[in-house]
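This report refers to the structure that appears directly beneath it.
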Amino acid sequence: MFSSGLVAQTKDISGKIVASGDLVGIHIINKTASKFTITNDKGVFEIPAKLNDTIMVSGVQYKPKEVIVTDIIMQTQSMIVNLEDNVNLLDEVVVGKVLTGDLMSDIENTEVKRDINFYDVGIPGYTGPRMKQSERRLYEAKSGGGIVPLNPLINWISGRTKRLKEQIKREELNKAVDQVEAKFSEMLFDTDTLDATKRKEFFYFSGDDPKFLPLSKTKDEIKMLEFLKEKLKKFKRRLEKD
């Protein structure tokens, strides 16, 4: 009965990659649920999953590995994945699906399909990205029925709508900070060192700058790297004062 209850229950699974080389940027793909993420510089990741989902781990220098989500993983909400070096890649003849280490390419090769939308079944409706829980709550807070919709009015008076907007903004910023940290840590701290215990604080310090979020959306890596270098100088000066 316990296992049956877990089958339909989705939980955020925290994972850790153990490998001999670089741990940052390894692709974690839930083939069953069509969800994906990447590891941070410590090889840590988080991905939603249900019992018996198939989690594929793919990195350029490692052999791809698939893990089935078990009862134990669901109960502990954690998993450790050991990867082997892909030392024979050039000498092997690969038959079937090829995992390159490129996230979008790997997703296509794993036959992960898009979600069925309203038009696939002949029902008109919303076909955009699936809303997060906080986004759904904001939509509900701003919508209502009747001649005078009461929900938006009550939520506006109570301040709930404002709090939900702030929560969505924080979630968007946290996601952007994590992505920038994973992508730029190695190249940034290779030339300008910073104590490892202060690096997460530095990226949130950078995220407080109003320029950070718009710049992260442009995908301009050169401008973002220059921005981070300038913020790092200011962050170090602040540490010296403290």
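Structure notes:
- Gln167 of a type in the set (S, T, N, Q) and over 28 Å from Ile26 (Cβ atoms): yes
- Residues located in the range 174-209, provided they are farther than 16 Å from Leu23 by Cα and of a type in the set (S, T, N, Q): Asn174, Thr191, Thr193, Thr197, Ser206
- Taking the conditions (1) open to solvent by 90 Å² or more (accessible area, probe 1.4 Å); (2) assigned to a helix (DSSP H, G or I); (3) modelled with pLDDT under 85 in turn, Lys217 satisfies each one other than (3).
- Residue list for the range 204-213, filter: of a type outside the set (Ser, Thr, Tyr), open to solvent by less than 20 Å² (accessible area, probe 1.4 Å) and touching a Phe, Trp or Tyr at 6+ places or on another chain (Cβ under 9 Å): Phe212
- Considered as a group, the residues in the range 7-43 that are more than 16 Å from Tyr62 (Cα to Cα) and β-branched (Val, Ile, Thr) include one that is nearest to the chain's Cα centre (by Cα), and that residue is Thr37.
- The range 11-32, residues that are assigned to a loop (DSSP other than H, G, I, E, B) and of a type in the set (Val, Ile, Thr): Val24, Ile26, Thr32
- Of everything in the range 186-203 that is part of a loop (DSSP other than H, G, I, E, B) and either open to solvent by less than 50 Å² (accessible area, probe 1.4 Å) or touching a residue at least 12 places away in the same chain (Cβ under 8 Å) (or both), the residue that is farthest from Asp41 (Cα to Cα) is Asp192.
- Just one residue in the set Ile72, Ile47, Ile55 is open to solvent by 50 Å² or more (accessible area, probe 1.4 Å), outside any loop (DSSP other than H, G, I, E, B) and hydrophobic (A, V, I, L, M, F, W, C); that residue is Ile72.
- Residue in the range 165-185 that is part of a helix (DSSP H, G or I), under 18 Å from Asn40 (Cβ atoms), in contact with a strand residue (DSSP E or B) (Cβ under 8 Å, 6 or more places away or on another chain) and modelled with pLDDT of 85 or more present: yes
- Enumeration of residues in the range 217-242 that are touching a Leu at 6+ places or on another chain (Cβ under 9 Å) and closer than 20 Å to Gly25 by Cβ: Met224, Leu225, Leu228
The values are calculated or read from the model by the stated rules, or taken from the named source; none is laboratory data. The model shown is predicted, which means the values in this text are computed figures rather than measured ones. In this analysis, Cβ positions are derived from the backbone assuming ideal geometry, glycine residues included, and neighbour counts consider all displayed protein chains. Just so you know, the surface numbers come from the protein's heavy atoms only, side chains and all, with ligands and any DNA or RNA stripped out. Shrake-Rupley method; radii C 1.70, N 1.55, O 1.52, S 1.80 Å.
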